[in-house]
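What follows is calculated from the coordinates using simple rules that are stated; it is not laboratory data. Bear in mind that the values here come from a model prediction, so they are computed numbers and not experimental data. Cβ sites come from the backbone with ideal geometry, for glycine too, and all protein chains shown count toward neighbours.
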Amino acid sequence: MAVDVQRGLVSRIGRKLKLNKAPKQSNDPQPKPQKLQKRISRESGGRQEGVNELGERECSIFSDATTLVGSRDHTEMFHGLAHHGSFDSLVEGARDGYRSSVDTAVDEKDVLRMKQISKRYQEVLRKLPADVWDRIASFLDPLDTARLVMSSPVLLEKLGHEPLRRLSLSQNHHHRVRLLNDMDGDMPGHLLCFPCGKYHAREKWGEESLKADFVNNPLYNCPNVRASVLPRMRLTGDRELPYSFIQLATRHARHSDDHGIAARSLERRWRSKCTGWSHQTRYMVHDGRLLMRIRSQVFADAKLTPTAERMLLYDREEYTPFFSVCAHWMDGELMRICKCALSHIPAQRESLRTTIKKPHELKEWIHKPSMMPRLCDECRPARRCPECPTEYLIELRLEEDKRDPVNRFKHALIVTRWSDLGDGSSPTASPEYCAVTGTKADYDSFQSVGRRAVGGIFESHMTGSIPGQRLISLNPEMQKLGEAGHGWY
């Protein structure tokens, strides 16, 4: 009702204004200010504030709520623009600096209070005799004893330096490595050398690069380089991954950019001229652990003999596959499903000239076999190794061979491997890395990894999708025959 009354009032005022005669125009080019002021006052008095000639209220939906009541004062907007970067902001910056200094003073007070509390507890620790602390330390392992000594100067006086010297013994090497791992965040310019049990300075700080000849491109100078074995794992037949790069990738994600290098910098793509296999690696860090994907492919012909399949899949010197595998590849059904996938490659279509030369048979002219390969229920599902966090997927695709000008499109066997390489803590203590390399045999992947696959985590992060195949065990019968078995070859 109020809106209708308002609209009626506005229409009446508008009709009255139209009946009024327009003011006479003076010959003077400059109008008199008195008449102009009277006209403005007359028009402003007859119209409400914020209402145009049509009786509509002007407001902006992107402004604040005050525009719905009245017009906005634009001077506030200009003052707001001038306020940014002016002397007022310098005053506010000084106030913020004063506040930060007050907070620093408060922090200093807290530090002084904590020091007083620490002195009070140190006096309590000093009252206990050294025999009591020796008795307490006898129930601890060498690592916890060393941590206890380093926690307080009073305990260092009571227990002495003997727990720290004990870590230099060969039987306590793994305890020494675990103690040094606790200092990893404070050593961005150094890298822990596991054979030595020491931190070495990084020669190419922040510019480390994974190369095929990593022996001649070391990351640090180790004095025991000729007397020790560099921890590394096999990627393919001609490439390996040093454990130092796993450290750098996980340190980069765990601490800061100065502590390591990004996991994407480890990605490589290469092709072996001798074998014909091409490989591509990708890495990512998930929950502090380094995940790896290696995709290997090779062009294969149809109807291969068993000898031709072995020549395509195996290295004749070491009898290992050309593609990337874990340490338990002999015990499962990996090679059997690869050979099964090779048996599903359709034969190449004959040329039109060869078809015309043949006798005129209706079946050969009508029936044209499809060139798209299809896998069976045995070789289509993805497989997970039950003894390590590694998964495999076998595929057949129609790929382009740019090196062959006659037959451009051929069938390629693609083997994809996903593995969890651990958190980079130690090559002998990380459970995932030890399981992948086969140094420890107490790992159950179906209980540790869970229902979500390593490949699903990797692909969902990289491509936004997950493999559509179901996941089953690579070794369902858990037979560990090794070289004694005949199915792997």
* **Phi to ³J(HN,Hα) by Karplus 6.51 cos²θ - 1.76 cosθ + 1.60 over the range 458-464, Hz, x for Gly, Pro** => 5, 5, 5, 7, 8, 10, x
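Name the shape class, rounded, prolate or oblate, that the alpha-carbon gyration tensor gives for the range 209-335, where a ≥ b ≥ c are the square roots of its eigenvalues, rounded holds for a/c under 1.5, and otherwise prolate holds if a/b is larger than b/c and oblate otherwise. Mind showing how you got there, number by number?
Values: a/c = 2.32, a/b = 1.80, b/c = 1.29.
Verdict is prolate for the range 209-335.
Hey, what's the Kirkwood Rh for the range 233-302 if you take every pair of different alpha carbons, in angstrom? Walk me through the intermediate numbers first.
On the way: mean 1/r = 0.0751 Å⁻¹.
Evaluated over the range 233-302, this radius sits at 13.3 Å.
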* To do: Can you pull the one-decimal nm distance between simple spin-label points at Met183 and His286, each 7 Å off the Cα toward Cβ?
  => 3.5
* Asked: For Asn221 and Met462, FRET efficiency with R0 = 25 Å and r from the beta-carbon atoms, rounded to 0.05?
  -> 0.10
* **Label-point gap, in nm, between Gln122 and Ser473 - each point 7 angstrom along Cα→Cβ** => 5.9
* **Length added when fully stretched, Ala212-Arg234, from 0.36 nm per residue minus Cα-Cα** => 6.7 nm
